[in-house]
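As structure tokens, the structure follows; a few thoughts come after it.
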Amino acid sequence: MRRVCVLIAAAALCFVALSGCKSEPGIKSLEPAKGNVAGGDDVIIMGAGFKRGMTVHFGKKRVANVVVEAATKIRVKSPPNKAGAVDIILTDETGQTMVLKNGFTYTSQNK
């Protein structure tokens, strides 16, 4: 009996450890998080739950070319926009969205 209890406890511990590794879908960060109003900055969006076919908006401006490199990484070029902070919005083909409020700041000066 004792051996069975130890195996069950070990299995439960493994399950808890593994389930903690899953990341919730969402945007975690951008690198860089600021760029020029002219656009054209290479930006990497990090997070979880990314899928091919997603659209990306910097505020109301849609990104022309979205490269989903992994479920945790998207590469884009920032579109032109006015100065100030904008939300980053990712939308999948089913209409589900992920938002990072004020995730990117446009400046009129060089980085």
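Each value in this text was obtained by applying a stated rule to the coordinates, not by laboratory testing. The model shown is predicted, which means the values in this text are computed figures rather than measured ones. With ideal geometry, Cβ positions are generated from the backbone for all residues, glycine too; neighbour counts draw on all protein chains shown.
Scanning the range 71-111 for residues that are in contact with a strand residue (DSSP E or B) (Cβ under 8 Å, 6 or more places away or on another chain), of a type in the set (Val, Ile, Thr) and farther than 11 Å from GLY59 by Cα turns up THR72, ILE74, VAL76, THR91, THR97, THR107. Candidates are the residues of the range 34-52 that are among the small types (Gly, Ala, Ser) and touching a strand residue (DSSP E or B) at 6+ places or on another chain (Cβ under 6 Å); the one that is surrounded by the most Cβ atoms within 10 Å (Cβ to Cβ) is GLY47. Annotation: of all residues in the range 53-63 being touching a Pro at 6+ places or on another chain (Cβ under 7 Å) and hydrophobic (A, V, I, L, M, F, W, C), the one that is surrounded by the fewest Cβ atoms within 10 Å (Cβ to Cβ) is VAL63.
Which residue is nearest to SER29 (Cα to Cα), if the candidates are limited to the range 39-60 and must be touching a Gly at 6+ places or on another chain (Cβ under 8 Å) and part of a strand (DSSP E or B)? Even if it seems obvious, please write down each step before you answer.
Initial filter on the range 39-60 (touching a Gly at 6+ places or on another chain (Cβ under 8 Å)): 41, 43, 47-49.
Add one more test, that the residue is part of a strand (DSSP E or B), and what stays is 43, 47-48.
Values: VAL43: 10, GLY47: 7, ALA48: 10 Å.
Restricting to residues being touching a Gly at 6+ places or on another chain (Cβ under 8 Å) and part of a strand (DSSP E or B), the top hit is GLY47.
Within the range 68-90, the set of residues being in a strand (DSSP E or B), over 11 Å from the mean Cα position of the chain (by Cα) and either surrounded by 12 or more Cβ atoms within 10 Å (Cβ to Cβ) or in contact (Cβ under 8 Å) with a residue 40 or more places away in the chain (or both) comprises VAL76, LYS77, GLY84, ALA85, VAL86, ASP87.
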